[in-house]
Amino acid sequence: MTNKLNNWESWLKEDYQSPAPAHLSKEENWREIKASLTNTSSTKKRLFPKKSLLAVAVFALIIFGSVFASSNQIQAFDWFVKMFVTTDGDTTQISQTTTDGESPSSSDLPDLDKITTEEIEVERTEMSFDKAQEETNFYIAKPTFNPNNYQLKYVEVVSKDSEKNQVQLYYENGQSETVVLTQTFQPNDFASAKVVDNEDTNVKIVDLDGGEARFIEFKDNSKQLIWSTPQMNWLLEGKLPEKDMIKIAESIE
Amino acid sequence: MLKKFFRKTEPTEEEFRLVYDMFYSRVYRDVYFITKDSHLAQDALQETFVKAYKHMHNLDDKGRMGAWLSTIATRTAIDILRKRKGTNEFLTDDITVQERHTQVKDPDVSFLVESNFVKEEINDVLREMKVEYREVLLLRYIHELTIKEIATNLDLTEGTVKTRLHRARNAMKEKVENDPQRQWIGGEKQ
């Protein structure tokens, strides 16, 4: 009995992590908040004066997905990053771009003669969380939901051409099960793509905090959850149930 | 990252959106924890972010953004709760809890379904507790703020915070210990 009585703190945390769902989505709440701020006369003049992060960015988008036969455009959670899932026979490609444009099409294909390949020097350094935070120029977030007593083992800072824009947080529990959270800082425009085999993988859209994420389940029961927030790409990998993967992602702060 | 973003006194839409994305879940959980009602929580969430936008330039340490938002969230949720419902009133989401309790009286049987009922039990205990107690429990045990931080953010003395925490803990334990229907989650018989 005494042990259970002492558990009230962990139950408190569990209760906190499981609120009833909101009636409006995250985007609908955002629109309400924006409307409230815009209607406030004292703030009207200075409210949201510019869209600076992307407006002037110009980049050559190499969209591998444009060669795929069918395209199903899916908008990610916000205006900032768009995800495309394109399927062609045995494979599915998941692409992310930061343009406001439409889905990839053949007219977007760049001039192939102008495409160059560059070798990128990648360096991985294992360190503590605090050291990693010191070494990087972006805020490293951690999940607060921990379903199976995972402990943060170490953080790996990935440096590409001396730019430390990626960190990987490695969690492990007593049963040697691991969960890896990869956080990639993308301050500028970018495009990325991942191709998976349809026979071995199941790709679907899942709700994440009122937005969307891509959930990929592989034959060996390993799973990946991919999503984006402004200036940040996220990848959560593990063998946990879908529900727990989503809960972990939603608890990141 | 936040430190880099707020070089200026007022956030741009993109910066504010980033804050919203980062803390949306946390704020919703905070306000739901206080109100225990999804309708009120939603109103409190929106009001919290509106207040946050207006006062963000007053926040000196942007690294403490989460703690700062949580205290705004709890205050706002308490205000809304008082305005709309009154602190002692049971809310609409809760009417079936007592029915569930009465269905499980045998401790052995209840142990088997413990995982399904724990959330409801804790929810029930918290709901009956004063909202000020819920507030300090949240800030201390969920967000792990220090007594001093709680006192500063809520504009209370450290003594008041300690007293509320002490009473909140006691209220939690007392409910568990004294309610026969809760003995299976750790209460002791009188």
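A few points about this structure:
- Percent of Cα-Cα distances greater than 13 Å, calculated over the stretch A:132-188: 60
- Here the Karplus curve 6.51 cos²θ - 1.76 cosθ + 1.60, taken at θ = phi - 60°, turns the phi angles of the stretch A:150-157 into couplings of 6, 10, 6, 7, 6, 10, 10, 9 Hz, with x standing for Gly and Pro.
- The listed residues A:160, A:26, once ranked by accessible area (1.4 Å probe) with the largest placed first, stand as A:160, A:26.
- Under the simplified labelling scheme, the residue A:126-residue B:59 pair shows an inter-label distance of 3.5 nm, with each label point 7 Å from Cα along Cα→Cβ.
- In the context of the full protein assembly, residue B:128 retains an accessible surface of approximately 70 Å², using a probe radius of 1.4 Å and ignoring ligands and nucleic acids.
- Of the residues B:135, A:253, ranked by 1.4 Å probe accessible area with the largest first, the sequence reads A:253, B:135.
- Accessible surface, 1.4 Å probe, highest first, among residues B:62, A:243, B:54: A:243, B:54, B:62
- Label reach from residue A:242 (point 7 Å along Cα→C-beta): in the stretch A:202-235, amide nitrogens under 15 Å belong to A:202-209, A:212-219, A:221-226.
- Accessible area of residue A:176 in the full protein assembly, 1.4 Å probe (Å², nearest 10): 80
- Of A:26/B:62; A:219/A:243; A:13/A:219; A:204/A:239; A:34/B:148; A:34/A:239, pairs whose Cα-Cα distance is over 28 Å: A:13/A:219; A:34/B:148; A:34/A:239
The values are calculated or read from the model by the stated rules, or taken from the named source; none is laboratory data. The structure displayed is predicted, hence computed values, not measured ones. All Cβ positions, even for glycine, are placed from backbone atoms using ideal geometry, and neighbour counts span all protein chains on display. Accessible surface areas use protein heavy atoms only, side chains included; no ligands, DNA or RNA. Shrake-Rupley method; radii C 1.70, N 1.55, O 1.52, S 1.80 Å.
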